[in-house]
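We did not get these values from a lab; they are worked out from the coordinates using the rules stated. Remember, it's a predicted structure, so these values are computed and weren't measured experimentally. Reconstructed Cβ throughout: ideal geometry from the backbone, glycine too, with neighbour counts over all protein chains shown.
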Amino acid sequence: MTDAAEQGPTEAAAAPAVETARVRKIIHVDMDAFYASVEQRDHPELRGKPVAVGGSAARGVVAAASYEARKFGVRSAMPSVTAKRKCPELIFVRHRFDVYRQVSQQIREIFAEYTPLIEPLSLDEAYLDVTENLKGIESATQIAEEIRAKIKTVTQLTASAGVSYNKFLAKLASDQNKPDGLFVITPKMGAAFVEDLAVGRFHGIGPATSAKMNRLGIETGRDLRAQTLPFLQQTFGKSGTYYYWISRGIDHRQVRPDRIRKSVGAENTFSEDLFNSGEAELELQPIIAKVWRYCEKSGIRGRTVTLKVKFSDFQIITRSRTLSQPVASEAEIAQVVETLMQPLFPVLKGIRLLGVTLSSLGEEAEDAPEDDAGQPQLSLTL
């Protein structure tokens, strides 16, 4: 890995200040098929069978799928009807978030034996900074192995872990040997590991951004690294800086245990403008579903629902409603959004974007963090 002094003029000028006094050891722990695994643990008759948590054979979406179901192509966020078609033997079970939260707390207590620097992403995954850990263990890999073993002993569930020198690479590493796996990305491996990955596998690059990159001929980390910082900033806004650095295996974000998410939202820009309420209602359904999936996974609930509308002339308006109690279901969000949307019709100009945000958040579980832009990271022994 190069430092700013070894880079060309453009890269050196773009590089944020690098900390030389302290390097980090980061672990990303991700439970394997968490909700489905809890159900199989507690219901022996489900073990070894394809299981979907949430939804039903007739309606709804899959919140989580067991590995047996994934072999048939069943995935979270998939409509239940599609999942059943892919796997006729699929068993649907109701979610039990109170149980998942209890297990999540057990796992959090194990993390806390090693470090107070724990940044939860949801009930089933978290970042840990073990650079200076409570047990004085030099090897982050050893800590990850101990944590995985303790999780299995305490919960009878398996976890996968990634170990690296920054958050971006640790998260990539935890996916490498799933399920029940451990993978380490050392400083010498970092930049090369990223080069051959499809950009769609990068944390922070979702399907829409990945598709946009592919249209621009950016399909791998190597392609992304070939782009200039000004181009990425102009094309992707403030996220362009993050993309520039992660394509080099560089990410200087801190593990932030006190980070509280203030809102959760989703939006979509349409290839053709919308003009009637029926079209808008149809397009809002997957947006609302995405927001609610996050709420269910993280345990977060909110009281304020906001509808965002961008018209064809790029005028943006928002309409909000704050409820006395946190929303309790996807259907309740949809109902509020509908009441906010209907007075807007008929419209005189087309709608090019719709978005839904949930705010005034509180937790049924821990608050989930957001990711911010990446910066350089130096090497260390893992």
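The listed peptides 105-113, 352-360, 312-320, ordered by packing as a protection proxy, come out as 352-360, 105-113, 312-320 (highest mean of other Cβ atoms within 10 Å first).
Considering the convex hull of the alpha carbon atoms of segment 41-175, report its projected area averaged over all viewing directions, in nm², one decimal. Answer in nm², one decimal: 8.7. Take every pair of alpha-carbon atoms less than 8 Å apart whose residues are at least six positions apart; their mean separation over the length of segment 193-246 yields a relative contact order of 31 percent.
Using a cutoff of 8 angstrom between alpha carbon atoms and counting only pairs six or more residues apart, the relative contact order for the chain works out to 19 percent. Packing, taken as the mean count of other beta carbons within 10 Å per residue, orders the peptides 122-135, 325-338 from highest to lowest as 122-135, 325-338. In terms of distances greater than 29 angstrom between alpha carbons, the cross-link table entries K150/K297; K135/K238; K25/K178 yield K135/K238.
Taking all C-alpha pairs of segment 193-246, those more than 19 Å from each other amount to 10 percent.
Take the Cα of D273, step 7 Å toward its Cβ, do the same at L348, and the gap between the two points is 1.2 nm. Within the chain, the whole DSSP H helices whose Cα atoms reach 15 Å or more along their own axis and whose mean Kyte-Doolittle score is at least -0.5 are 97-112, 140-155, 277-298, 330-341.
Over the residues of the chain, the helix contribution to mean residue ellipticity at 222 nm works out to -10500 deg cm²/dmol, using -39500 (n - 2.57) for each DSSP H run of at least 4. Of all lysines in the structure, those lying under 16 Å Cα to Cα from K308, and not within fewer than 8 positions of it along the same chain, are K290, K349. Length available on full extension from F231 to R85: 0.36 nm per residue minus the Cα-Cα distance, which gives 48.2 nm.
Structure remark: mean-square fluctuation, Gaussian network model of the chain, C-alpha springs under 10 Å; the largest value among T241, T209, T158 belongs to T209. Would you please classify the overall shape of segment 263-363 from the alpha carbon gyration tensor, given that a ≥ b ≥ c denote the square roots of the eigenvalues, rounded means a/c under 1.5, and beyond that prolate means a/b larger than b/c while oblate covers the rest? In terms of gyration-tensor shape, prolate. Looking at the chain as a GNM with Cα springs under 10 Å, which of K349, K167, K84 has the largest mean-square fluctuation? Among K349, K167, K84, the largest GNM mean-square fluctuation belongs to K349. Taken along the Cα-to-beta-carbon direction at a fixed 7 Å, the label points for R47 and R108 span 2.9 nm.
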